[in-house]
1. Among the residues of the stretch 21-65, which ones are within 22 Å of residue 124 (Cβ to Cβ), touching a Pro at 6+ places or on another chain (Cβ under 9 Å) and of a type in the set (Ser, Thr, Tyr)?
2. If the requirement is being closer than 19 Å to residue 151 by Cβ, exposed (fewer than 15 other Cβ atoms within 10 Å of the Cβ) and modelled with pLDDT of 95 or more, which of these qualifies: 44, 4?
3. Given the residues 160, 136, which is the only one that is exposed (fewer than 14 other Cβ atoms within 10 Å of the Cβ), over 13 Å from the mean Cα position of the chain (by Cα) and either modelled with pLDDT under 95 or not in a strand (DSSP E or B) (or both)?
4. Which residues, taken from the stretch 19-40, are touching a residue at least 60 places away in the same chain (Cβ under 8 Å) and surrounded by fewer than 20 Cβ atoms within 10 Å (Cβ to Cβ)?
5. Checking the conditions here, which among 94, 54 is surrounded by 19 or more Cβ atoms within 10 Å (Cβ to Cβ) and touching a helix residue (DSSP H, G or I) at 6+ places or on another chain (Cβ under 6 Å)?
6. For residues that are charged (D, E, K, R) and free of Cβ contacts under 8 Å to residues at least 60 places away in the same chain, scanning just the stretch 44-71, find the one that is nearest to residue 108 (Cα to Cα).
7. Suppose we filter the stretch 122-133 for residues that are among the β-branched types (Val, Ile, Thr) and either part of a loop (DSSP other than H, G, I, E, B) or under 15 Å from residue 52 (Cβ atoms) (or both); how many remain?
8. Could you tell me which residue of the stretch 3-59 is farthest from residue 77 (Cα to Cα), considering only residues that are assigned to a loop (DSSP other than H, G, I, E, B) and among the β-branched types (Val, Ile, Thr)?
Amino acid sequence: MTTAYTGEVTPGGPAAVRELRDLTITKVSVGPMDNNAYLLRCRADGSRVLIDAANDAGALLALVGDGGLASVVTTHRHPDHWQALSQVVRRTGAASLAHAEDAPQIPVTTGTLRDGDTVPVGACTVEVIHVVGHTPGSIVLAYRDPAGTAHLFTGDSLFPGGPGRRGTGEISPA
């Protein structure tokens, strides 16, 4: 029996998997700060991209498995989003990508991104959207599912109960 995708994950808990027509999205949470990491896998050729090697290199490398990893994209320069980056890149040989304004503060960055760039995930692509605010080089990645809706990977630019939220649940004005 297949369970419905809820996106709910906890550190050390099971992954949440969303199967789209062309892309599989696997979401995990790594501790100690309950950061989300996402593995995107092209269903046509198996190519993989990891978003935010936040922590727990062992768990992230197990998630990647033997299928290889094309790149790791870091959404912003805060260390809780790249603690496992060096280990993941060293073990997989993946490219390490971040926005040009945050890249100098992120170890092992091998390439920079700007607003409007795309990152290939095999036959699929994700679009880079620069969202200044959380850090000067914060980015959101957008996957526009040709068979459905867009999926946004926001790092810390949006999250429930976090920065930018009031007690009423409204998004605070900029």
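The values are calculated or read from the model by the stated rules, or taken from the named source; none is laboratory data. The model shown is predicted, which means the values in this text are computed figures rather than measured ones. Every residue, glycine among them, receives a Cβ derived from its backbone with ideal geometry; neighbour counts consider all protein chains shown.
1. The one that is within 22 Å of residue 124 (Cβ to Cβ), touching a Pro at 6+ places or on another chain (Cβ under 9 Å) and of a type in the set (Ser, Thr, Tyr): 47.
2. Details: 4 fails: modelled with pLDDT of 95 or more.
After ruling out the rest, the residue left standing is 44.
3. Of 160, 136, the one residue that is exposed (fewer than 14 other Cβ atoms within 10 Å of the Cβ), over 13 Å from the mean Cα position of the chain (by Cα) and either modelled with pLDDT under 95 or not in a strand (DSSP E or B) (or both) is 160.
4. Selection gives 20, 21, 22.
5. 54
6. Let us first name the residues in the stretch 44-71 that are charged (D, E, K, R), namely 45, 48, 52, 56, 66.
Then drop every residue that is not free of Cβ contacts under 8 Å to residues at least 60 places away in the same chain, which leaves 56, 66.
On the way: 56: 17, 66: 22 Å.
Checked the stretch 44-71; the qualifying residue nearest to residue 108 (Cα to Cα) is 56.
7. 4
8. Residues of the stretch 3-59 that are assigned to a loop (DSSP other than H, G, I, E, B), as a first pass: 3-15, 20-22, 31-34, 43-47, 52-56.
Next, from what is left, pick out any that are among the β-branched types (Val, Ile, Thr): 3, 6, 9-10.
On the way: 3: 35, 6: 28, 9: 23, 10: 23 Å.
If we take residues in the stretch 3-59 being assigned to a loop (DSSP other than H, G, I, E, B) and among the β-branched types (Val, Ile, Thr), then 3 is farthest from residue 77 (Cα to Cα).
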